[in-house]
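Chemist: Mind having a look at this structure? Questions to follow.
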Amino acid sequence: MAEHGKSLSERTIKAGFWVFALRSVNRLFQLVRTIVLARLLSPNDFGLFGIALLALSALDTFSQTGFKQALIQKKEDTNPFLNTAWTVQIIRGILIALIIFFVAPYVAIFFKAPAAEPILKVIGLAIVLHSLTNIAVVYFEKELEFQKFFKYQFLGTIADVIVAISAAILLRSVWALVFGLLAGNLVRCVMSYIIDPYRPKFQFNGTQAKELFRFGRWILGSSIVVFLANQGGGIFLGKILGVTTLGFYQMAFRFANLPASQMGVLSRVAFPAYSKLQDNISKLRSAYLKMLRFVTFFSIPFAGGIFILGPEFTQVFLGDKWMPIISALRILAISVMIRTVVGTGGALFNAVGRPDMDFKMNVARVITLAVTIYPLTMRWKISGTSLSVLLAACACIPIWISGSKREAKVRAKDYFKTLLPPLIGTMMMFGVIFALRIFFHQFQLIGFLISVFTGIIVYFGFTFLVEKNLDYPIFEDLRFIFSSLKIK
């Protein structure tokens with residue numbers, strides 16, 4: 001149930017805090033996990049696990065129902081739909097596990113990686129555990145009660161990290177990653193029933209399923225093209241250049257993707273909040289621009305930092321064996337910055353009942369990727385694949401701009417005022433860090449830490465100075481957020 005006496009803006013801010021805190025804590029633990037495992041395991045191990053995740057993700061994506069998003073978007077009471085949604089969720093999970101078990105030998109042959117077969121046969125259990133999750137967790141998002149979502153997700157992350165690292169120390173094999181994934185999903189499943197008292201029943205209603213799927217079909221379409229756009233490069237690399245190269249690419253993608261995963265998760269808050277404002281264009285536009293300002297303020301300098309400090313980070317934390325990822329990491333950082341900004345339109349389009357716009361954006365990505373990936377990869381290997389991904393991200397920009405203009409009346413000058421300050425601040429930060437890199441070249445860890453700290457000061461200092469002059473009230477937004485949260 002929604003919190004009584006709370007305005008939508010206050011509930012949205014609190015929800016935003018919890019979801020941002022969840023993602024930050026999750027990313028911190030996963031970062032530690034990745035760094036430790038990168039030291040203990042080989043690029044080939046990550047490549048084998050990557051093959052399993054690609055296969056699992058493909059089946060998961062191509063069978064999406066979109067029921068969860070439909071339940072969030074619906075204005076009327078959704079309680080009668082929960083049993084049907086949960087039943088379909090379980091049947092879908094079991095079918096995916098069975099399919100991946102039987103196709104495992106053929107996937108291993110496709111990637112020329114026999115060692116991937118047993119991993120594929122076991123990893124299907126992860127989707128079964130996920131499908132058994134209490135369907136009532138959808139209300140954590142629908143009613144903006146993300147403090148519950150925080151508890152539900154966080155304990156699963158802890159289980160994943162502890163089990164994966166422990167298994168890696170004992171086994172020194174790819175199975176550490178598999179056991180960590182299974183442990184995380186098991187704990188999340190159990191916690192979903194501990195946190196919420198709702199107990200779903202195995203019950204199917206065809207009429208309800210059809211009604212949910214009328215909205216969900218666009219989610220299915222978008223999920224498929226997003227998968228192809230995000231994972232197409234990895235599939236191509238694994239097939240053409242081998243498992244080890246796939247491991248390098250996925251490690252680069254994982255770190256370059258940090259700002260997208262961190263900021264993109266705010267769509268969980270934005271979608272239900274926008275849905276409640278869909279009949280008030282003025283308020284919808286204002287809410288969207290605030291979200292866009294918040295996302296770009298953090299994601300643009302984050303990507304800039306990854307670009308310039310990628311070599312130092314890789315050498316200090318991952319080790320020399322991972323240095324081949326540098327060029328891909330830098331190109332992907334730019335790609336992710338663009339994708340994060342453009343991705344803010346997805347929640348907006350879904351909330352106003354136009355999920356087809358998000359679908360069209362991602363179709364443009366897939367077409368561009370399909371046209372460019374072969375020639376670029378054959379010419380520049382892993383860097384060429386990353387460049388193809390960058391061009392694909394750029395292909396979404398025209399659709400995003402035209403769609404947000406039509407659905408939320410966002411003007412060209414709104415984009416200018418939102419994007420210019422973080423871009424200028426990032427360039428200033430870039431220049432200062434570049435100079436520090438030369439000075440601290442012989443002191444890798446100390447130089448890296450000082451560069452990060454100084455870059456943050458320069459960026460925030462510049463933003464503070466131009467806040468009023470450029471009509472860029474980001475600190476006003478942040479002060480309002482902390483005031484609403486009563487954080488002193």
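The values are calculated or read from the model by the stated rules, or taken from the named source; none is laboratory data. Note that this is a predicted model, so its numbers are computed, not measured. So basically every Cβ, Gly included, is an ideal-geometry build from the backbone, and we count neighbours across all protein chains shown.
Chemist: Take the stretch 338-360 and flag every residue that is under 18 Å from Asp279 (Cα atoms) and aromatic (Phe, Trp, Tyr).
Modeler: Phe349
Chemist: Only one residue in Thr463, Thr454 is assigned to a helix (DSSP H, G or I) and surrounded by 16 or more Cβ atoms within 10 Å (Cβ to Cβ). Which one?
Modeler: Thr463
Chemist: Sticking with this one: Please find, within the stretch 288-333, the residue that is nearest to the chain's Cα centre (by Cα) out of those that are under 20 Å from Val432 (Cβ atoms) and among the charged types (D, E, K, R).
Modeler: If we take residues in the stretch 288-333 being under 20 Å from Val432 (Cβ atoms) and among the charged types (D, E, K, R), then Arg330 is nearest to the chain's Cα centre (by Cα).
Chemist: Only one residue in Gly242, Gly234, Gly264, Gly221 is buried (at least 19 other Cβ atoms within 10 Å of the Cβ) and at pLDDT 85 or above, so which one is that?
Modeler: Every option except Gly234 fails the conditions.
Chemist: Out of curiosity, is Ile109 touching a residue at least 12 places away in the same chain (Cβ under 8 Å), among the β-branched types (Val, Ile, Thr) and in a helix (DSSP H, G or I)?
Modeler: For Ile109, the condition - touching a residue at least 12 places away in the same chain (Cβ under 8 Å), among the β-branched types (Val, Ile, Thr) and in a helix (DSSP H, G or I) - is not met.
Chemist: Is it the case that Val341 is crowded, with 24+ Cβ neighbours inside 10 Å, of a type outside the set (D, E, K, R) and part of a helix (DSSP H, G or I)?
Modeler: Judged against the criteria, Val341 is a match.
Chemist: Of the residues Ser173, Ser166, only one is more than 21 Å from Leu82 (Cα to Cα), more than 23 Å from the chain's Cα centre (by Cα) and outside any helix (DSSP H, G or I); which?
Modeler: Ser173
Chemist: Output the residues belonging to the stretch 428-467 that are among the aliphatic types (A, V, I, L, M) and closer than 17 Å to Phe302 by Cβ.
Modeler: Scanning the stretch 428-467 gives Met428, Met429, Val432, Ile433, Leu449, Val452, Ile456, Ile457, Val458.
Chemist: Continuing with this model, one more query. Using beta carbons and a limit of 9 Å, which pairs, at least six apart or on different chains, have the first residue in the stretch 181-194 and touching a residue at least 12 places away in the same chain (Cβ under 8 Å) and the second one buried (at least 22 other Cβ atoms within 10 Å of the Cβ) and aromatic (Phe, Trp, Tyr)?
Modeler: Within 9 Å, the pairs are Leu181/Phe49; Arg188/Tyr152; Met191/Tyr152; Ser192/Tyr152.
Chemist: Another question about this same structure. As an exercise: evaluate Gly353 against (1) outside any helix (DSSP H, G or I); (2) small (Gly, Ala, Ser); (3) touching an Asp or Glu at 6+ places or on another chain (Cβ under 6 Å) and give the number of the one condition it does not meet.
Modeler: Unmet for Gly353, out of (1) outside any helix (DSSP H, G or I); (2) small (Gly, Ala, Ser); (3) touching an Asp or Glu at 6+ places or on another chain (Cβ under 6 Å): (3).
Chemist: Right, next: Scan the stretch 433-449 for residues that are buried (at least 16 other Cβ atoms within 10 Å of the Cβ) and free of Cβ contacts under 8 Å to residues at least 60 places away in the same chain and report the count.
Modeler: 2
Chemist: Something else: Among the residues of the stretch 396-411, is there at least one that is outside any helix (DSSP H, G or I), surrounded by fewer than 16 Cβ atoms within 10 Å (Cβ to Cβ), touching a helix residue (DSSP H, G or I) at 6+ places or on another chain (Cβ under 9 Å) and touching a residue at least 12 places away in the same chain (Cβ under 8 Å)?
Modeler: yes
Chemist: Please verify whether Asp45 is of a type outside the set (Lys, Arg), farther than 23 Å from Cys189 by Cα, out of contact with any Phe, Trp or Tyr (no Cβ under 8 Å at 6 or more places or on another chain) and assigned to a helix (DSSP H, G or I), treating the condition exactly as stated.
Modeler: yes
Chemist: Which members of the stretch 385-433 meet the condition of being among the small types (Gly, Ala, Ser) and farther than 22 Å from Ile308 by Cβ?
Modeler: Within the stretch 385-433, Ser388, Ala392, Ala395, Ser402, Gly403, Ser404, Ala408, Ala412 qualify.
Chemist: Also, I was wondering about something else. List every residue pair whose Cβ atoms lie under 7 Å apart, where the two residues are 6 or more positions apart in sequence or sit on different chains, the first residue falls within the stretch 362-384 and is within 16 Å of Tyr249 (Cα to Cα), and the second residue, located anywhere, is of a type in the set (A, V, I, L, M, F, W, C) and not in a helix (DSSP H, G or I).
Modeler: From residues that are within 16 Å of Tyr249 (Cα to Cα), the pairs are Lys381/Leu241.
Chemist: Looking at the stretch 79-110 only, could you name the residues that are over 24 Å from Val187 (Cβ atoms), surrounded by 20 or more Cβ atoms within 10 Å (Cβ to Cβ) and at pLDDT below 90?
Modeler: Phe81, Thr84
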